[in-house]
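The values are calculated or read from the model by the stated rules, or taken from the named source; none is laboratory data. Note that the structure is predicted; figures quoted are calculated from it, not measured. As a convention, Cβ positions derive from the backbone with ideal geometry for all residues, glycine included, and neighbour counts pool all protein chains shown. These accessible areas exclude ligands, DNA and RNA; they are computed on the full protein's heavy atoms, side chains included. Shrake-Rupley method; radii C 1.70, N 1.55, O 1.52, S 1.80 Å.
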Amino acid sequence: MGTIHVSQLGKAYKQYPTRWARLAEWLLPGKKVRHDLKWVLQDVSFTVRPGEAVGIVGINGAGKSTLLKMITGTTQPTTGTVSIDGRVAALLELGMGFHPDFSGRQNAYMAGQLLGHTVQRIDALMPAIEAFAEIGSYIDEPVRIYSSGMQVRLAFSVATAVRPDVLIVDEALSVGDTYFQHKSMDRIRDFAQQGTTLLIVSHDAVAIQALCDRAILLDGGGLAMEGTPQAVMDYYNAMLAERKERQTVRQHMTSAGMQTISGTGEATVVDIKLLNRNGEHVERVEVGETVTLQIQVDVRAPLDRMVLGYVIKDRLGQPMFGTNTEHLDCVATGVLAGEVLTYAFTFEADLGEGTYSVSTAIADTASHLSRNFEWLDLALVFQVVNLSHSPFVGSAFLPARPRVDRHARHAEPEQQAS
């Protein structure tokens, strides 16, 4: 249960040169084609296995929402097939089907029945739906007075009142307050841990990398890449920069995984290493140890302005910390071709145990989307170990100084005799 199989899926819309051409195609005898086909999605194939979490990413217009609509059956494909095993809950446009003049409770019953629940089943689920939505007495008020966030709360609560075999999410949680976004992500994460198959569309790299086992990149209506969430998000970021300026995006395998390199090549990182207090090259550091990240940049063309940045990521590719020389007031100007600049960033490795990677970016401003000379993922991999501190969990080392005050509980005053 919980399998999604997509085979050679495609979607095209008919385009007529005039409205009369459409009418003529309908009414005139013969089978003369008077339209052109505009393909928004073509030849997409993949399988999501039971219990797997897969993220779909891509720029606006890449075909992500169209793909999900075909998978959920709200849009029919032009070519190809979709098969799903198991009960499906789809969070596409939350609250869009609510009737504005009906109360939240009435809409919850209607939405629940559309999901296949009986009235008796919804009766039993309503207390949990109300508790999760946290909209209070508004549950019995007309939906037309709801904010968009309140509609999202109620719609999400109804859609996830029962754990589905397959959960499909399309940026549904981008609306609403931060508290409910965290709460909803916790529920989705719980479903995934319990075996729900998850298919999620999001521009949030952290969500994709934290929730998903695999990611798919759509571009121009086709499947551009499929792989680990970190590799796909790295390639996606490089592709965004490519849209801004001519450059080369390339990938190759390293011992640490798939490495993405992009940029114009006018400046490039030729050496990067992590040094300890004694200036020795290390690949393993102690929690809280003072280290220096040394990066050597070879300049291939004259540059008016050059900014070097780096970001430290955990094993899932989630950023732990990042900065650049513009933020640190250390921008190089008037750089000449043939110059080699060696940067040294000294800091305490206040990280939890685990493996981390460093990505570098060279640009003319704080954003590599402006003029990207080079974006280099997996430029360096290192390990953090805990040999001298008390055990702790998490990715950040925040040493605490505990203090306990002990005192006797004050006795309750005796009640005065009446």
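At 0.36 nm per residue, minus the direct Cα-Cα distance, what do Arg300 and Glu283 gain on full extension? Give it in nm, one decimal, please. Residue separation times 0.36 nm, minus the Cα-Cα distance, leaves 3.2 nm.
Among Ile71, Val270, Asn324, whose Cα projects farthest towards the positive end of the dipole of the chain, with charges put on the beta-carbon of Lys, Arg (+1) and Asp, Glu (-1)? Sorting the options by dipole projection puts first Ile71. For the chain, the residue among Gln8, Ala301, Gly279 whose Cα projects farthest onto the positive side of the dipole built from Cβ charges is Gln8. Length available on full extension from Ala344 to Gln76: 0.36 nm per residue minus the Cα-Cα distance, which gives 90.8 nm.
Between Leu316, Leu27, Leu303, the residue with the greatest mean-square fluctuation in the GNM of the chain (Cα pairs under 10 Å linked by springs) is Leu27.
Here the extension length gained between Val119 and Lys14 equals 33.7 nm, from 0.36 nm per residue of separation less the Cα-Cα distance. Loop-located GluC sites (Glu not before Pro) across region 275-383 with a Cβ neighbour count of 14 or fewer within 10 Å are Glu280, Glu283, with loop assigned by DSSP. In this simple spin-label approximation, Ala21 and Ser390 carry label points 7 Å from Cα along the Cα→Cβ vector, and these lie 7.5 nm apart. Remark: relative contact order (the chain) = 14 percent; criterion is Cα-Cα distance under 8 angstrom and separation of 6 or more residues. Past 21 Å, Cα to Cα, is the threshold; run Lys183/Lys313; Lys273/Lys313; Lys32/Lys69; Lys14/Lys69; Lys31/Lys69 against it and keep the listed order. Listed pairs above 21 Å: Lys183/Lys313; Lys32/Lys69; Lys31/Lys69. In summary, the convex hull built on the alpha carbon positions of the chain has an orientation-averaged projected area of 34.4 nm². Placing one equal scatterer on every Cα of region 65-152 and applying the Debye formula, the log10 ratio I(q)/I(0) at q = 0.10, 0.13, 0.19, 0.20 Å⁻¹ is -0.32, -0.52, -0.94, -1.00. Proximity of backbone amide H atoms, modeled 1.01 Å from N, is registered between Thr260 and Asp377 at under 5 Å, excluding neighbours fewer than 5 places apart on the same chain. What the chain shows is 54 Å² of accessible area per residue, with the surface traced by a 1.4 Å probe over protein heavy atoms. Other residues within the sphere of radius under 14 Å centred on the Cβ of Val297, judged by their own Cβ, net out at -3 (K and R +1, D and E -1). Under the combined filter of DSSP loop state and at most 16 neighbouring Cβ atoms within 10 Å, region 293-325 retains these trypsin sites (Lys or Arg not before Pro): Arg300, Arg315. Accessible surface of the chain, 1.4 Å probe: 50 percent of it comes from carbon and sulfur atoms. Label reach from Glu141 (point 7 Å along Cα→C-beta): in region 95-132, amide nitrogens under 17 Å belong to 99-108, 130-131.
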